[in-house]
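Read through the structure below, which is laid out as structure tokens, and then see the notes.
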Amino acid sequence: MARNRKILRRFSWVVMASLLLTGCSTQIPVLQPQGPVAQQEFGLIEWSFFLMLIVAIVVFILFGVFIYRYRNTPNNKAPYEPDMEGSRKLEFIWTLIPVVIVLLIAVPTVRTTYALQAPPSTAKTDPLVINVTSAAWKWVFQYPKSGLETVNYLVIPANEPVQFNLTSVGPMNTFWIPSLGGMEFNMPNVTLGLWLQADHPGIYLGRSANFSGVGFEHMSFTVKALSIPQFNTWVSAVKKTAPALSSAENNQILYTHGLSPKLTFSSYPSTTATGTAGMSGM
Amino acid sequence: MLPRYFYNFSTFMSMFPHNYLIYGADVSIVGATALIIFVLTYFKKWKWLWDNWITTVDHKRIGIMYILAAFAMFFRGGTDGLLMRTQLALPNLHFLSAQHYDEIFTTHGTIMILFMAMPMLIGLINVAVPLQIGARDVAFPYLNAISFWTFFFGAMLFNISFVFGGSPDAGWTSYAPLSELQFDPGPGENYYLLGLQLAGIGTIATGVNFLVTILKMRAPGMTLMKMPQFTWATLITSIIIIFAFPVLTVALALLTIDRLAGAHFFTIAAGGMPMMWVNLFWIWGHPEVYIVILPAFGILSDVISTFSGKKIFGYTAMVVSLAAIAALSFTVWVHHFFTMGAGAAVNSFFGVSTMLIAIPTGVKIFNWLFTMYRGRIRFTTPMLWALAFIPTFVVGGMTGVMLAVAPADYQYHNSYFLVSHFHYVLIGGTVFGAFAGIYYWWPKMFGHKLNERLGRWHVGTFVLFFNMTFFPMYIVGLMGMTRRMYTYPSGLGWTALNLIETIGAFGQGASMMIMAVNIVRSIKFGERDVTGDIWDGRTLEWSTTSPAAEYNFSVLPQVTSVDEWWEEKKRGVVRPDHATFKPIHMPNNSGWPFLIGLSFFIAGFGLVFNWWLSAIVGALGIITFLFLRSFDYNTDHYIPVDEVKRVEAAAGR
Ligand code: HEM
Ligand SMILES: [Cu+2]
Ligand SMILES: [Cu+2]
């Protein structure tokens with residue numbers, strides 16, 4: 001069974017790859033997952049694509065055969081039955097087969113939906129938490145445990161599930177790092193959780209996928225995944241060298257509409273919109 | 001300190017060159033308007049325009065006006081599309097500024113769905129449905145004219161935004177809080193809210209009108225299960241409109257109150273709930289996408305059956321699947337925001353309910369295929385559009401099911417993968433279906449066919465360039481490109497695909513020029529439809545003259561089967577005997593609908609700018625004209641028998 005699925009996966013991969021006429025298949029992050037969340041989502045993408053492909057092929061074949069065979073030419077010998085009404089049997093078949101296909105997709109969909117909402121089994125009891133706030137038009141990342149803050153770039157330890165708490169102080173955005181996993185919304189007055197993990201140290205791209213106004217295109221950020229010791233070194237270096245964030249500057253970052261370069265702070269004011277204001281649910 | 005390297009908003013805006021395109025557009029609009037006024041005056045056509053078109057209540061003429069307006073909007077929306085594709089042809093272009101790009105994708109989406117797709121289909125419905133059911137007009141002809149003029153002035157209100165004050169720029173979805181005053185102060189969003197509100201009035205009235213028309217006005221003998229498929233699709237669509245559009249009306253009204261009167265329904269502060277907008281929008285929005293696909297399904301069923309020379313395969317299943325799709329379309333709206341954290345149970349429910357739609361849709365696809373099975377397929381232009389529809393729509397539907405897989409949608413949402421999906425269903429489905437209908441009923445509307453050779457070129461090139469534009473979007477979406485980006489960096493592997501898409505888009509534009517040439521050429525050279533039945537049709541619209549007389553049928557048909565006209569031809573038709581003619585009762589033309597629409601426009605324009613005087617003048621106009629209409633006793637007339645005889649004789653009957 002598992003083996004069959006692997007073969008199916010291979011097969012649909014080949015089909016997908018052959019669809020990529022351009023040959024730059026090295027840069028399709030959604031199809032090249034770099035973490036367990038993206039991996040599970042990719043599994044579903046392949047599986048649903050493969051099943052849909054079967055349906056499409058059947059339709060395309062019937063389509064081609066019928067229009068060729070029953071074309072209106074004078075000496076076409078194919079049978080002609082203008083008064084054919086339908087066929088309960090055939091119609092039953094093509095109702096039943098889609099039902100089966102939908103079931104085959106629905107079951108893993110529901111299973112994965114539940115699985116991805118719960119904390120991953122490998123999560124530590126005290127995981128790294130990062131509060132992510134989208135402002136117009138910058139990303140603010142706060143690390144409550146170490147008290148530091150970065151703007152427009154994110155540093156995470158590799159090989160460890162990280163919990164993101166997403167909120168917004170302006171229009172809605174989505175927090176999306178395609179290599180690591182799917183997106184979730186940043187909405188004002190609400191905090192949503194998202195677990196992600198990078199399997200390897202590396203640099204990944206993140207971006208907002210929900211239009212948030214004239215600076216939207218600049219709602220992108222880099223994600224640097226470091227090995228755990230390197231990550232700890234980074235944290236202590238920031239604590240030592242970066243400036244503290246005053247509450248005036250903090251307000252400016254959050255509420256002034258504009259762009260910002262990458263910024264690093266060793267602390268942030270305690271009563272900010274993130275973390276405290278939001279936990280009011282939906 | 002922070003301010004040193006912190007760009008503020010004004011410097012950010014001035015990074016982009018100021019845009020001269022707007023001025024160009026303004027000049028050309030003024031020029032075109034002046035030209036139209038000049039031509040009408042020079043050829044003394046004002047009275048003709050008023051008597052035959054502006055005041056008409058004839059469903060066929062109203063249908064033609066809908067279709068004309070929809071083509072104008074197609075041109076406008078298409079130009080928006082080409083501007084966007086030009087901007088995205090290569091990385092880091094500054095052909096459009098961010099602000100201008102945002103306005104253009106907003107108007108593109110809104111216009112294409114609300115002012116192009118829907119009116120094009122409503123136009124075809126107006127043209128064909130009363131003829132298909134053997135009726136002399138719709139149930140409420142005067143209301144039908146009101147529908148048209150509110151739609152028309154709603155569209156105009158929306159379109160003048162870029163001449164006066166700036167266009168809306170928060171996307172056709174207009175998500176709060178971005179669309180609230182705090183983040184979007186100018187008049188642009190108000191245009192969106194009021195233009196849609198105005199057009200929505202017309203749409204709801206159309207829904208009511210066709211529901212009643214189909215239920216009450218069918219020719220004797222036509223039971224529900226003897227109605228043509230397009231009529232069935234219209235009936236079901238009308239029901240969806242009646243249930244879905246009031247939700248849009250309410251959502252738009254609440255956001256308008258927020259913006260004009262300072263309420264807080266969807267604001268961030270003061271207890272507003274931005275997400276409530278998202279819910280309301282999609283409770284209307286998902287049924288809306290079915291409002292624009294079901295009529296196309298109906299056209300497809302009729303066209304495939306006609307040109308396969310065969311009954312539709314599985315009539316009952318086709319009807320049941322329409323009804324099932326309509327019912328399901330109200331239970332899936334959350335699939336537009338799986339990523340808003342509703343929780344696993346909710347996402348599972350809406351994921352699975354969405355997949356269920358694939359089942360009735362699959363039934364329809366197979367029944368269409370088997371309608372061709374053992375038929376005799378004539379590859380006319382309408383049939384070619386129908387044939388192009390099937391594989392294209394299958395690709396769109398197949399990616400739709402992939403999007404319905406909630407966890408996978410976390411990776412597709414708002415990416416170009418999604419953009420591609422909905423263009424495959426909206427262009428491959430709605431537009432191909434509408435074009436099938438346009439080519440099919442063209443002779444019924446105008447009395448001549450469009451040229452088949454040019455028609456084939458139109459289909460062929462359009463399908464080719466359509467795929468060239470939209471297929472690469474699936475891939476570029478998986479590469480991480482999101483919708484609504486006004487430009488993109490190089491080095492991510494997106495460039496080549498984007499360039500291909502842009503070339504494809506211009507190809508589609510060129511392909512539409514073929515259609516334009518075809519339309520103009522056919523006025524003079526198109527094959528004349530002298531019999532009224534140029535395609536060897538199956539349903540009642542082909543039993544009358546082309547174009548049909550004001551009263552549609554000199555004698556109402558007596559119906560015994562689904563393919564009534566086909567069966568009558570088999571039995572050997574006997575034309576109605578002139579001795580059996582009776583005087584025909586018809587509604588009078590009326591200028592009130594136009595004036596009411598105009599008053600709505602003046603009121604709406606006033607509200608956009610908070611000019612209360614203009615708003616009050618418009619409102620008074622609406623009330624006055626409604627009042628005057630209710631004292632209008634001269635609303636109908638009889639066409640005498642002699643006149644009917646004369647018209648029928650002139651058509652060779
Ligand atoms: C098998 C049938 C279909 C399925 C399963 C399906 C599924 C979906 C899903 C799940 C989404 C949301 C994806 C996201 O936002 O991440 C979506 C978006 C969309 N679909 Fe479909 N769809 C189907 C058919 C159609 C049809 C027939 C139309 C219209 C003719 C349509 C038009 C759209 C549009 C316009 C959007 C995007 C709206 C926006 O965000 O602006 N779909 N579809
Ligand atoms: Cu588009
Ligand atoms: Cu939907």
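If the requirement is being crowded, with 22+ Cβ neighbours inside 10 Å and either touching a residue at least 24 places away in the same chain (Cβ under 8 Å) or more than 16 Å from ligand 1 (Cβ to nearest atom) (or both), which of these qualifies: B:A269, B:A219, B:A251?
Only one candidate passes the filter, namely B:A251.
Please work out if B:Y486 is farther than 10 Å from B:A89 by Cα, outside any helix (DSSP H, G or I) and within 12 Å of another protein chain (Cβ to nearest Cβ).
So B:Y486 fits the description; yes.
Within the stretch B:90-125, take every residue that is within 16 Å of ligand 2 (Cβ to nearest atom) and small (G, A, S) and give me the one that is farthest from the other protein chains (Cβ to nearest Cβ).
B:A117
Residues are listed down the side, and each one gets a yes or a no for (1) more than 16 Å from ligand 1 (Cβ to nearest atom); (2) part of a helix (DSSP H, G or I); (3) within 21 Å of B:L418 (Cβ to Cβ):
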| position | (1), (2), (3) |
| --- | --- |
| B:R85 | yes, yes, yes |
| B:F95 | yes, no, no |
| B:F105 | no, yes, yes |
| B:G109 | no, yes, yes |
| B:D137 | yes, no, no |
| B:S147 | yes, yes, no |
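So which pairs qualify, if the first residue must be in the stretch B:222-247 and without any contact (Cβ under 8 Å) to a residue 60 or more places away in the chain and closer than 19 Å to B:T539 by Cα, the second must be among the aliphatic types (A, V, I, L, M) and in a helix (DSSP H, G or I), the Cβ gap must be under 7 Å, and the two must be at least 6 apart or on different chains?
Matching pairs, first to second residue: B:L235/B:L211; B:L235/B:I214.
Modelled with pLDDT of 95 or more and farther than 30 Å from A:D83 by Cβ: does that describe B:T624?
yes
Among the candidates B:E568, B:E648, B:E541, B:E643, which residue alone is open to solvent by 60 Å² or more (accessible area, probe 1.4 Å) and among the acidic types (D, E)?
Only one candidate passes the filter, namely B:E643.
Take the conditions part of a helix (DSSP H, G or I), open to solvent by 30 Å² or more (accessible area, probe 1.4 Å) and within 30 Å of B:M276 (Cα to Cα) and apply them to A:N232. Does it pass?
No: the conditions fail for A:N232.
Tell me, which residue of the stretch B:399-411 that is more than 7 Å from every other protein chain (Cβ to nearest Cβ) and out of contact with any strand residue (DSSP E or B) (no Cβ under 8 Å at 6 or more places or on another chain) is farthest from B:V352 (Cα to Cα)?
The extreme case among them is B:T399.
Please specify each residue of the stretch A:178-234 satisfying the condition of being within 29 Å of B:P168 (Cα to Cα) and more than 11 Å from chain B (Cβ to nearest Cβ).
A:F221
Let's see how each residue does on (1) part of a loop (DSSP other than H, G, I, E, B); (2) under 25 Å from B:Q132 (Cβ atoms):
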position	(1), (2)
B:F553	yes, yes
B:K569	no, yes
B:S599	no, no
B:L626	no, no
B:N634	yes, no
B:E648	no, yes
B:R653	yes, yes
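For (1) under 43 Å from the mean Cα position of the chain (by Cα); (2) more than 7 Å from chain B (Cβ to nearest Cβ), each residue gets a yes or a no:
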| site | (1), (2) |
| --- | --- |
| A:V59 | yes, no |
| A:K77 | no, yes |
| A:M84 | no, no |
| A:T95 | yes, no |
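Is it true that some residue in the stretch B:358-369 is within 16 Å of ligand 3 (Cβ to nearest atom), free of Cβ contacts under 8 Å to residues at least 40 places away in the same chain and open to solvent by 30 Å² or more (accessible area, probe 1.4 Å)?
No - not one qualifying residue is present in the stretch B:358-369.
Could you list all residues from the stretch B:417-430 that are open to solvent by 10 Å² or more (accessible area, probe 1.4 Å) and within 11 Å of ligand 2 (Cβ to nearest atom)?
B:V419, B:F422, B:H423, B:L426, B:I427
Looking only at residues that are within 16 Å of ligand 2 (Cβ to nearest atom) and not charged (D, E, K, R) in the stretch B:271-292, which one is nearest to the chain's Cα centre (by Cα)?
Ranking the candidates gives B:V292 first.
Give the residue that is surrounded by the fewest Cβ atoms within 10 Å (Cβ to Cβ), with candidates limited to residues of the stretch B:71-110 that are of a type in the set (G, A, S) and under 26 Å from B:P187 (Cβ atoms).
B:A72
From the residues in the stretch B:327-369 that are of a type in the set (F, W, Y) and farther than 27 Å from A:L192 by Cβ, which one is farthest from the other protein chains (Cβ to nearest Cβ)?
It comes out as B:W368.
In the stretch B:473-483, which residues are facing chain A (nearest Cβ under 8 Å), in a loop (DSSP other than H, G, I, E, B) and surrounded by 22 or more Cβ atoms within 10 Å (Cβ to Cβ)?
B:M479, B:G480
Of all residues in the stretch A:112-126 being more than 7 Å from chain B (Cβ to nearest Cβ) and surrounded by 15 or more Cβ atoms within 10 Å (Cβ to Cβ), which is farthest from the chain's Cα centre (by Cα)?
A:A123
Can you name the residue in the stretch B:279-304 that is more than 9 Å from ligand 1 (Cβ to nearest atom) and open to solvent by 10 Å² or more (accessible area, probe 1.4 Å) and is also nearest to B:G123 (Cα to Cα) among such residues?
Applying the filter and picking the extreme gives B:D302.
Open to solvent by 10 Å² or more (accessible area, probe 1.4 Å), within 11 Å of chain A (Cβ to nearest Cβ) and not polar (S, T, N, Q), is that true of B:A324?
So B:A324 passes the test.
Going by the structure shown, is A:V107 more than 8 Å from every other protein chain (Cβ to nearest Cβ), closer than 30 Å to A:G181 by Cβ and loosely packed, with under 11 Cβ neighbours inside 10 Å?
Taking the combined requirement at face value, the residue does not satisfy it.
Is it the case, given these coordinates, that A:V30 is at pLDDT 95 or above, in contact with a strand residue (DSSP E or B) (Cβ under 6 Å, 6 or more places away or on another chain), within 30 Å of A:W195 (Cα to Cα) and open to solvent by less than 40 Å² (accessible area, probe 1.4 Å)?
No; evaluated as a whole, the condition is false for this residue.
How about the stretch B:497-516: which of its residues are open to solvent by less than 80 Å² (accessible area, probe 1.4 Å) and hydrophobic (A, V, I, L, M, F, W, C)?
Listed by number, the residues that qualify are B:L497, B:L499, B:I500, B:A505, B:A510, B:M512, B:I514, B:M515, B:A516.
In the stretch B:327-351, which residues are away from ligand 1 (no atom under 11 Å from the Cβ), among the hydrophobic types (A, V, I, L, M, F, W, C) and open to solvent by 10 Å² or more (accessible area, probe 1.4 Å)?
B:A327, B:F330, B:A342, B:A345, B:V346, B:F349
I'm checking my understanding of the structure. Among residues of the stretch B:435-465 that are of a type in the set (G, A, S) and surrounded by fewer than 24 Cβ atoms within 10 Å (Cβ to Cβ), which one is nearest to ligand 2 (Cβ to nearest atom)?
Per the stated criteria, the residue is B:G460.
Of the numbered conditions (1) out of contact with any Gly (no Cβ under 8 Å at 6 or more places or on another chain); (2) open to solvent by 70 Å² or more (accessible area, probe 1.4 Å); (3) at pLDDT below 95, B:Q558 satisfies every one except a single condition; which is it?
(1)
The values are calculated or read from the model by the stated rules, or taken from the named source; none is laboratory data. What you are looking at is a predicted structure, and each value in this text was computed from that prediction instead of being measured. FYI the Cβ positions are ideal-geometry reconstructions off the backbone, even for glycines, and counts take in every protein chain you see. Quick note on the areas: whole protein, heavy atoms, side chains included, nothing else; ligands and nucleic acids left out. Shrake-Rupley method; radii C 1.70, N 1.55, O 1.52, S 1.80 Å.
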